[in-house]
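The values are calculated or read from the model by the stated rules, or taken from the named source; none is laboratory data. Computed from a predicted model, the values in this text were never measured in an experiment. Please note: Cβ atoms are built from the backbone with ideal geometry, for glycine as well, and neighbour counts cover all protein chains shown.
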Amino acid sequence: MSDPQTIEEFNLGRVFETVAEQVPEREFIVAGAKRFTYSESLDRVRRLASVFASHGLGVHQERDQLDGHQSGQDHIALALYNGSEYLEGMIASYLARCAPFNVNYRYVGEELKYLFEDSGVKAIVYHASLAPVIAQVLATMEHPPTLLLQVPDDSGEALLDGALDYETALAGADPAGPGRVGTPDDLYILYTGGTTGMPKGVLWRQHDIFMAAMGGRKIGSWEIIESYDALKNNAINGMALKVLLLPPLMHGAAQWASYMMICEGATLITVSNPRSLDPVDVWKTVEREKVNTFTIVGDATMRPLLDELDKTSYDTSSLYAIGNGGAALTATVRSMIHERLPNVLISDSVGSSEAGAQMSTNSASDEAVGSFKPGPGTVVVSEEFTAVLEPGHDGNGWLAQEGWVPLGYLGDEAKSKKTFPVIGDKRYSIPGDRARVGADGVIELLGRDSVTINSGGEKIFAEEVEGALVAHPSVIDVIVTGRPSERWGQEVVAVVKIAPGAEQDRQGILDAAAQTIARYKLPKAIVFVDEIRRSPSGKADYRWAKEVAQGDTGS
């Protein structure tokens, strides 16, 4: 790992400008009927940055005057589906020295109000189809945002009162941009998903997130881009990959993958309808655009795609790699991938909103992946947050990251200190994943502590049980959670979706799982449902599963 003091520090706006100026005629984004080169997109983001600046948005207090949980910049909400406008909104915000943040487009009412008020939002860029719910929330806010930019779509929704039409605003804006010089200290904000608790805004310095997850280091080799000159060479000599964006850009993994590919001068592609995962749309896009790679979030994303390949033949010869992160890809689905796409490499990675990209491994086998080779600065720390555990330590600890880590959580000093503690003389990010480190330095990921079930004094990791249950051929999807038990304190409950026409074979499912996990980890109950609720990226909604397990909602 290079000495951080020898690395030129990066600003995300300047990163895009640097790449766009090196490969101006290369296609940057293909979104439905829209196709923009890097040069055309650079013009659009500079115009959008001018719109933000003309409404008084920008930076009001520099980083060196603030604590880690504080922001001195105006915050811009991106309530958008995947498309050119999402990336334009991010990049233009950086050029205007504003801080964009992600909005879950499924949020309604109080969820949106919480997010807007927690962030102190000053501007919202949103798709027209979301206008009605946004209007309802704005009417309840004491301090509504000063700028609304409405992106047209096929919904036919009229402009909200006081809102500007996105394309009209760009057409009338200064193409030179606001002329502001962004700094490496400018913020990147990523709100957590809220599937296990209330969303929190994670504050990163732009240089730190660039090095941690957005192209400053190459996943796998962890090779560092040390300067803007090196970035220029990287973009010019990149493989000009064609990358399909499947996970929503409102999730960090998709934003990170996009910026990693920008640093390679790649072309980013969205499916025709980004509002849902349509396997036919995905494979037609792969075939039409000659896609080289895409990213998934475990079985929930990949299995429907594989089922479609059984129904219809598509030209997938251009595809040679699939990235997976955020959820487990089980042995069953891996086997299906290798049968249907034998030349495709699967790359699994581990990271989080609070730690960036931490670990990865490439696989050409059908074995489920639970252990990873750590990247620089990725360690396991003790239960008490007092020491870094040496390889081969007997016992579990917490997955942690040192080096390029976040500043804190927006507006929450106490939680910032807990998640980003100082151990010895180093500051770490410890988001809450349990892990153990083997004698060879390989790290076994056990699961998120917030969804760990304490049953009869034993800690049971939900993800481990989920992986065992899907071994049964009729189980399509599953979330494991805990519910109160007089005998055990908590008992394990599985919320399961089975294949159409399959029998609800509780005992058969348990018997299959018992082949790979101890019997005390087996569910005490199985609840069958028609659909499993997940985030648009495919991450399990554990709060919903707990309600189902406790009988608070119908199954």
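Of note:
- Any chance ALA502 is buried (at least 21 other Cβ atoms within 10 Å of the Cβ) and either part of a strand (DSSP E or B) or assigned by TED's automatic domain parsing to the domain that holds ARG533 (or both): no
- Looking across the range 303-327 at every residue that is over 15 Å from PRO342 (Cβ atoms) and under 22 Å from the mean Cα position of the chain (by Cα), the one that is surrounded by the fewest Cβ atoms within 10 Å (Cβ to Cβ) is identified as PRO304.
- The condition of being modelled with pLDDT of 90 or more and in a helix (DSSP H, G or I) holds for GLU308.
- Of the residues making up the range 284-302, those that are touching a residue at least 60 places away in the same chain (Cβ under 8 Å), assigned to a helix (DSSP H, G or I) and closer than 19 Å to SER535 by Cβ are GLY298, ASP299, ALA300, THR301.
- Hey, ALA235 small (Gly, Ala, Ser), free of Cβ contacts under 8 Å to residues at least 24 places away in the same chain and in a helix (DSSP H, G or I) or not: no
- For the condition at pLDDT 95 or above and surrounded by 17 or more Cβ atoms within 10 Å (Cβ to Cβ), HIS75 qualifies.
- Residue pairs meeting the criteria (Cβ under 6 Å; at least 6 apart or on separate chains; first part of a loop (DSSP other than H, G, I, E, B), in the range 271-283; second modelled with pLDDT under 95): SER272/GLY32
- Qualifying residue in the range 407-416 (condition: within 22 Å of GLY216 (Cα to Cα) and either without any contact (Cβ under 8 Å) to a residue 40 or more places away in the chain or not assigned by TED's automatic domain parsing to the domain that holds ALA212 (or both)): yes
- Residue within the range 473-485 that is of a type in the set (Ser, Thr, Tyr) and buried (at least 19 other Cβ atoms within 10 Å of the Cβ) present: yes
Residue by residue, here is whether (1) farther than 21 Å from ASP307 by Cα; (2) in contact with a helix residue (DSSP H, G or I) (Cβ under 7 Å, 6 or more places away or on another chain) holds:
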{"residue": "VAL451", "(1), (2)": "yes, yes"}
{"residue": "GLY467", "(1), (2)": "no, no"}
{"residue": "PRO473", "(1), (2)": "no, no"}
{"residue": "GLY482", "(1), (2)": "yes, no"}
{"residue": "ALA494", "(1), (2)": "yes, yes"}
{"residue": "ILE517", "(1), (2)": "yes, yes"}
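- Test: residue in the range 159-171 that is of a type in the set (Val, Ile, Thr), out of contact with any helix residue (DSSP H, G or I) (no Cβ under 7 Å at 6 or more places or on another chain), at pLDDT 95 or above and closer than 30 Å to GLY72 by Cβ: no
- Taken over the range 449-466, the criterion of being in a strand (DSSP E or B), farther than 13 Å from ARG519 by Cα and among the hydrophobic types (A, V, I, L, M, F, W, C) is satisfied by ILE453, PHE461.
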